[in-house]
2 protein chains.
Amino acid sequence: MTHAPVYGASLLSTSDAGADAEELLRRGRELVDPPLREVVDRLHPSMATVCRYHLGWDGDGSQGTVQQAAKRVRAALALLSVRSVGAPERFAAVAGTAVELVHQLSLLHDDIMDGDTERRGRPAAWARYGTGAAVLAGDALVVQAVATLFHARAPGSQAAMAELITAVEQMVEGQAEDLALEHRPLGEISASRYVRMARGKTGALFGCAAALGAVLADAPPAVVGALRGAGCGLGVAFQILDDVLGLWGDSELTGKPVGTDLTRGKKTLPLVLAAASGSADGRRIADLLGTAPPTPDQVAEVMRLLETSDSRVRAEEAAAGHIAAAVAMLDEAVLPHDVRQQWGSLIDCLSCRRR
Amino acid sequence: MTHAPVYGASLLSTSDAGADAEELLRRGRELVDPPLREVVDRLHPSMATVCRYHLGWDGDGSQGTVQQAAKRVRAALALLSVRSVGAPERFAAVAGTAVELVHQLSLLHDDIMDGDTERRGRPAAWARYGTGAAVLAGDALVVQAVATLFHARAPGSQAAMAELITAVEQMVEGQAEDLALEHRPLGEISASRYVRMARGKTGALFGCAAALGAVLADAPPAVVGALRGAGCGLGVAFQILDDVLGLWGDSELTGKPVGTDLTRGKKTLPLVLAAASGSADGRRIADLLGTAPPTPDQVAEVMRLLETSDSRVRAEEAAAGHIAAAVAMLDEAVLPHDVRQQWGSLIDCLSCRRR
């Protein structure tokens, strides 16, 4: 995996960029994994088994892939959040744990909702342990997320609970919109509707991760707002790049079969942009991805049409735009120079993820 | 539906017993349904549709059955909670709404976990709107439960959040145990293990409902403890009677086909007691309900064996015991006479529910 910036988000010319991101991801994981394990260990044994498997802690199967994919990006954001305001790392541990628990709930339940039988190159938790167990494991995790924040002793713990509640509300709203869009004709979906959905589905929790540590430390609202906004924009970019990977990624690396988004009627940004382009190819794509699930031949034709269109480039440009907006928000917040460098490094790392 | 006490829980000789319970259930519903509707109305339209259907607010199908079954027992308990300590009704509205939201989440997800295609005489929400939509609707409700309590302005709002978090943790733990027991041989399950499971699965939220209004009012811990304990005991009794109804109830009234618990491997108390009795019939029941789902012939044989055993009576006696313990806890709390009467009336109403 390379960390060469492709979107120019980094303001660095030094070679430390990748090192900073790696340190953030490593330290974020160090802070969050122990409390995460404690939470899982306290669950009912059957739930703990499901969660350990889901988190890749059970030593089963392709451990390498699991470890590689589970980068704890949100924990790194939580760490950057406290570093941005000079707050202690223990706030990052609490914030990162709460956010990571919500994220893991969303993955457990998303796989059920989307009927995805694979995650990180092996059976999804529901496919392995049954739908019921995976539903309940997700419920257990979201309660623990709330409990983690509730028991935190910090000056801004009340505001932090409000921050988390709002983020989870927005995340669920975004997931509901994502699910609803599956049943809508592609031609009806505008790019702005897509972005609204992605801001909820992915942006809200990224924003929460970037803000929560600072909120716990009772940081000034203007800084918190900038961090939240930057995190949210990054999350939207992350989602768009995920869409691109879903169509053109290496399934060995993504751990998911390519084209499942297509078959399932997911309104990913490259498709939305193609259909909205007004071109004959775009109209043909919209027709092929009508109401019924496409046949393998239709999927192949959509992929051929997408190859000759500029949808992929335009989706990547859109991601770059959201990243640029995130960077601008960070600059407004006037962060310490070294922390600002670390932000740039993490952003670069995320913007070329899994290539 | 009659409200004649069958377990002698009522200390009343007046004819007001049934009237008290009806007033509690009616007033509890009046307090909780408007905020519940507000919460549902704020959800994503597709989630609101699922929740309205699940709550029987959509005017679809057998409305009579839906209305009859959805008695909002927990809202009545929340109302009794505030009356027990002389607190304002608005605390009952908040507490009842939060608890009811958690209860509705558990129903939505339970039906998925148990593969129950019917609830209250019509298709379960997941059977009607899809598993994904029902999973997500449950997630939306649990977040709203936390949000409802978080935004409450009350002297004991911090303690109330702790009370709710603990109850939901225990509920999920009980559900996990319930799910785990499905795959265990009947002969291995003791009555005490069943009770531990039922205290989590059903007792915890009943206890929370009975305590939460008083907690919001910052009532003395001894009174809160008695209310919580009484509610929990009532919940266990309620679950046992639900088990009995699952085997011998009128499916027209319960809204669920009789015998589904049996087929699914649920370790209901009458089965546990039969298998633990040491009788030849009990051993035969345990054999018939081995690891594989029983055939219709095997189900019929189990039902015949149960008829001639005393399992039903013993399960009902166990329920009466939990009710007696609840009553004793209420007496220790020394409640105002009229409130104590209302408790007795509600307990009587619950102990002969759906007959």
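Those residues that are more than 13 Å from chain B (Cβ to nearest Cβ) and either part of a helix (DSSP H, G or I) or of a type in the set (D, E, K, R) (or both), I need them from segment A:175-192; list them, please. Steps first, please.
Within segment A:175-192, the subset more than 13 Å from chain B (Cβ to nearest Cβ) is A:185-192.
Answer for segment A:175-192, where residues must be more than 13 Å from chain B (Cβ to nearest Cβ) and either part of a helix (DSSP H, G or I) or of a type in the set (D, E, K, R) (or both): A:186, A:187, A:188, A:191, A:192.
In segment A:193-210, what residues are among the small types (Gly, Ala, Ser) and either on the phi > 0 side of the Ramachandran plot or more than 14 Å from every other protein chain (Cβ to nearest Cβ) (or both)? Please lay out each step first, then the result.
First pass over segment A:193-210, keeping only residues among the small types (Gly, Ala, Ser): A:198, A:200, A:203-204, A:207, A:209-210.
Answer for segment A:193-210, where residues must be among the small types (Gly, Ala, Ser) and either on the phi > 0 side of the Ramachandran plot or more than 14 Å from every other protein chain (Cβ to nearest Cβ) (or both): A:198, A:203, A:207, A:209, A:210.
With the requirement that a residue be free of Cβ contacts under 8 Å to residues at least 12 places away in the same chain and more than 14 Å from every other protein chain (Cβ to nearest Cβ), what does segment A:39-60 give you?
A:58, A:59
Report yes if residue B:213 is surrounded by 24 or more Cβ atoms within 10 Å (Cβ to Cβ), away from every other protein chain (no Cβ under 14 Å) and out of contact with any Gly (no Cβ under 6 Å at 6 or more places or on another chain), otherwise no.
Working: surrounded by 24 or more Cβ atoms within 10 Å (Cβ to Cβ): yes; away from every other protein chain (no Cβ under 14 Å): yes; out of contact with any Gly (no Cβ under 6 Å at 6 or more places or on another chain): yes.
Answer is yes for this residue.
Looking for something among the hydroxyl-bearing types (Ser, Thr, Tyr) and over 30 Å from residue A:87 (Cβ atoms) - is there at least one such residue anywhere in segment A:281-297? Give the derivation first.
Narrowing segment A:281-297 to residues among the hydroxyl-bearing types (Ser, Thr, Tyr): A:291, A:295.
Next, only the ones that are over 30 Å from residue A:87 (Cβ atoms) stay: A:291, A:295.
Yes - at least one qualifying residue is present in segment A:281-297.
Which of (1) in contact with a helix residue (DSSP H, G or I) (Cβ under 7 Å, 6 or more places away or on another chain); (2) farther than 20 Å from residue A:184 by Cα does residue A:300 not meet, given it meets every other one?
The number of the failed condition is (1).
Answer yes or no as to whether residue A:305 is buried (at least 20 other Cβ atoms within 10 Å of the Cβ), not small (Gly, Ala, Ser) and not in a loop (DSSP other than H, G, I, E, B). Spell out how you get there, then give the answer.
Numbers: buried (at least 20 other Cβ atoms within 10 Å of the Cβ): no; not small (Gly, Ala, Ser): yes; not in a loop (DSSP other than H, G, I, E, B): yes.
No; evaluated as a whole, the condition is false for this residue.
Can you go through A:140, A:95 and tell me which one is part of a helix (DSSP H, G or I) and closer than 20 Å to residue A:221 by Cβ? Full working, then the answer.
Working: A:140 fails: closer than 20 Å to residue A:221 by Cβ.
Of A:140, A:95, the one residue that is part of a helix (DSSP H, G or I) and closer than 20 Å to residue A:221 by Cβ is A:95.
Quick one: residue A:114 ticks every box in (1) within 14 Å of the chain's Cα centre (by Cα); (2) surrounded by fewer than 24 Cβ atoms within 10 Å (Cβ to Cβ) bar one, so which box is it?
Every condition holds for residue A:114 apart from (1).
Test residue A:344 against the criterion of being in contact with a Ser or Thr (Cβ under 7 Å, 6 or more places away or on another chain), under 30 Å from residue A:225 (Cα atoms) and either at pLDDT 95 or above or not in a loop (DSSP other than H, G, I, E, B) (or both), and give yes or no.
Values: in contact with a Ser or Thr (Cβ under 7 Å, 6 or more places away or on another chain): yes; under 30 Å from residue A:225 (Cα atoms): yes; either at pLDDT 95 or above or not in a loop (DSSP other than H, G, I, E, B) (or both): yes.
Taking the combined requirement at face value, the residue satisfies it.
Among the listed residues A:154, A:127, A:167, identify the single one that is surrounded by fewer than 24 Cβ atoms within 10 Å (Cβ to Cβ), among the hydrophobic types (A, V, I, L, M, F, W, C) and either outside any helix (DSSP H, G or I) or within 12 Å of another protein chain (Cβ to nearest Cβ) (or both). I'd like the intermediate steps shown before the answer.
Details: A:127 fails: either outside any helix (DSSP H, G or I) or within 12 Å of another protein chain (Cβ to nearest Cβ) (or both); A:167 fails: surrounded by fewer than 24 Cβ atoms within 10 Å (Cβ to Cβ).
From the options A:154, A:127, A:167, the qualifying one is A:154.
Looking at residue A:172, is it surrounded by 21 or more Cβ atoms within 10 Å (Cβ to Cβ), under 24 Å from residue A:229 (Cβ atoms) and either more than 9 Å from chain B (Cβ to nearest Cβ) or within 21 Å of the chain's Cα centre (by Cα) (or both)?
Against the criterion (surrounded by 21 or more Cβ atoms within 10 Å (Cβ to Cβ), under 24 Å from residue A:229 (Cβ atoms) and either more than 9 Å from chain B (Cβ to nearest Cβ) or within 21 Å of the chain's Cα centre (by Cα) (or both)), residue A:172 qualifies.
Collect the residues in segment B:273-299 that are farther than 23 Å from residue B:179 by Cα and touching a Lys or Arg at 6+ places or on another chain (Cβ under 9 Å), keeping them in residue-number order.
B:277 - this is the single residue of segment B:273-299 that is farther than 23 Å from residue B:179 by Cα and touching a Lys or Arg at 6+ places or on another chain (Cβ under 9 Å).
So which of A:72, A:120 is more than 12 Å from every other protein chain (Cβ to nearest Cβ) and farther than 30 Å from residue A:335 by Cβ?
Values: A:72 fails: farther than 30 Å from residue A:335 by Cβ.
Answer to the selection: A:120.
I'd like the full set of residues that are over 14 Å from residue A:348 (Cα atoms) and under 18 Å from the mean Cα position of the chain (by Cα), limited to segment A:310-324. So that I can check it myself, show each step before the final result.
Of all residues in segment A:310-324, those over 14 Å from residue A:348 (Cα atoms) come to A:310-315, A:317-318.
Listed by number, the residues that qualify are A:315, A:318.
Return the pair list, or none, for Cβ contacts closer than 8 Å from residues in segment A:135-149 that are over 8 Å from residue A:105 (Cβ atoms) and more than 8 Å from chain B (Cβ to nearest Cβ) to residues that are surrounded by 24 or more Cβ atoms within 10 Å (Cβ to Cβ) and among the hydroxyl-bearing types (Ser, Thr, Tyr), at least 6 apart or on different chains.
A:148/A:97
The values are calculated or read from the model by the stated rules, or taken from the named source; none is laboratory data. The model shown is predicted, which means the values in this text are computed figures rather than measured ones. Counting neighbours? That spans all protein chains shown, and the Cβs are built from the backbone with ideal geometry, glycine included.
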